[in-house]
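Student: The structure's right below; bear with me while I get my questions together.
Values in this text are rule-based calculations from the coordinates and carry no lab data. The structure presented is a predicted model; accordingly, all values stated were derived computationally and were not measured. Here the Cβ positions follow ideal geometry from the backbone for every residue, glycine too, while neighbour counts run over all protein chains shown.
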Amino acid sequence: MSVKNNLCGYITVFAAAAMFLISTTGCTPLEKPDTDQSSFSSASDISAVSEEEKENVTSDKNYSLPADKPDGTESEWQIRLVNINNPLPESYKPETVSFPNNAQQGVSVDVRMKDALDDMIAAAQKDGTGLYVYSAYRSFQRQTELFDNSVGQLMQQGKTKADAESETAKNIAVPGTSEHQYGLAADIVNADFFVTNPSGVLDVSFDETQASKWLRSNAHKYGFILRYPKDKTGITKINYEPWHYRYVGKEHAANIKNLGITLEEYVK
Ligand SMILES: [Zn+2]
C-alpha cells in the first residue's frame with residue numbers, strides 16, 4: 001500500500017474521532033472556522049510571537065502597517081483574506097502543480113508559492129530539520145466532502161441537520177472559507193510525523209517539535225506566516241494551528257510577524 005493510501009486510510013478511520021477528541025482545528029480534516037476557546041485555560045499561557053522570535057526578524061527596517069493599508073482584495077493576491085466572512089466563489093480554482101513532498105505523498109500546491117515552499121523546506125533541511133507538507137491545496141469539492149461527511153455522521157447520531165451543520169462548522173471550514181481552497185496555505189509538520197503520530201491526526205502537540213520551532217522562527221524569511229496564532233483566536237475565529245502556514249510573500253510576512261498581528265489585522 002502506498003503512503004498516500006495509508007494517509008487516506010488514516011483520515012477515514014480517524015476523522016470522526018479526531019473531530020471530537022481534538023480541541024484544535026486540524027486543517028485536514030479538521031478545519032475549524034469558529035472559535036472554541038474552552039481549550040485555553042487562560043490568556044496568560046498564550047503568546048503569539050515571543051521576544052526571542054521577534055529578535056529573529058533581522059533587519060534594520062522599521063515595521064509598520066503600510067501607510068496605504070492593503071485591503072486584501074483580489075488584486076492583492078498575496079494578502080487576500082479568506083475566512084468565514086470572506087468566502088471564495090465556488091468557481092475559484094488556482095493554478096496548481098504537483099509537489100513531491102519529500103518523495104513521499106505528493107500534494108498539489110499553488111504555483112505562486114511552490115518555489116518559496118521548496119526554498120523553505122531546503123533551508124530547514126540544511127538546519128537539520130525535516131519538514132513534511134501534510135496538506136496544501138484542497139478543491140471546493142473536497143472541502144464539501146469533508147463538511148458533508150461530518151454532517152452525515154452527526155445526523156446518524158440523532159442530531160438535526162441544522163444542529164449537525166452548526167456543530168460541524170466548529171471543526172471543518174464551511175466550503176468556500178478555507179485557505180486551503182485559496183491555494184496559499186500549507187499544513188506543515190515534521191518529516192517523521194507519521195512515526196511520531198501514528199494516528200495521522202494533527203494536534204497542538206506538534207507545537208513542541210523542532211519543526212514547529214524552526215517554522216515559527218524562520219517561515220517569514222520565505223514569505224510564510226503562522227496564520228492562526230495562539231493568542232489571536234478571537235480575531236481569526238480559528239483555534240491555534242501551529243502547522244498551518246499561509247504564504248503572503250516575504251515583505252508582508254516580515255511585517256506581519258514583527259508586528260505580531262494577524263492577516264485580519266493587517267488588511268482592512
Ligand atoms: Zn491548514
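Student: At q = 0.11, 0.12, 0.15, 0.17 Å⁻¹, what log₁₀ I(q)/I(0) does region 93-220 have when each alpha carbon counts as one equal point scatterer in the Debye sum?
Tutor: Each listed q maps to, in turn, -0.46, -0.54, -0.80, -0.96.
Student: Based on other C-beta atoms within 10 Å, arrange D110, D71 from fewest to most.
Tutor: Ascending Cβ contact count within 10 Å gives the list D71, D110.
Student: What nm distance separates the two modelled labels at A122 and K69, each placed 7 Å from Cα along Cα→Cβ?
Tutor: 3.8
Student: Kindly flag which residue pairs out of K69/K250; K93/K257; K221/K257; K170/K250 have an alpha-carbon separation exceeding 21 Å in this structure.
Tutor: Among K69/K250; K93/K257; K221/K257; K170/K250, the Cα-Cα distance tops 21 Å for K93/K257; K170/K250.
Student: Follow-up question, since we're still on this one. R0 = 22 Å: FRET efficiency of Q153 with S91, Cβ-based, nearest 0.05?
Tutor: Once rounded, the FRET efficiency stands at 0.15.
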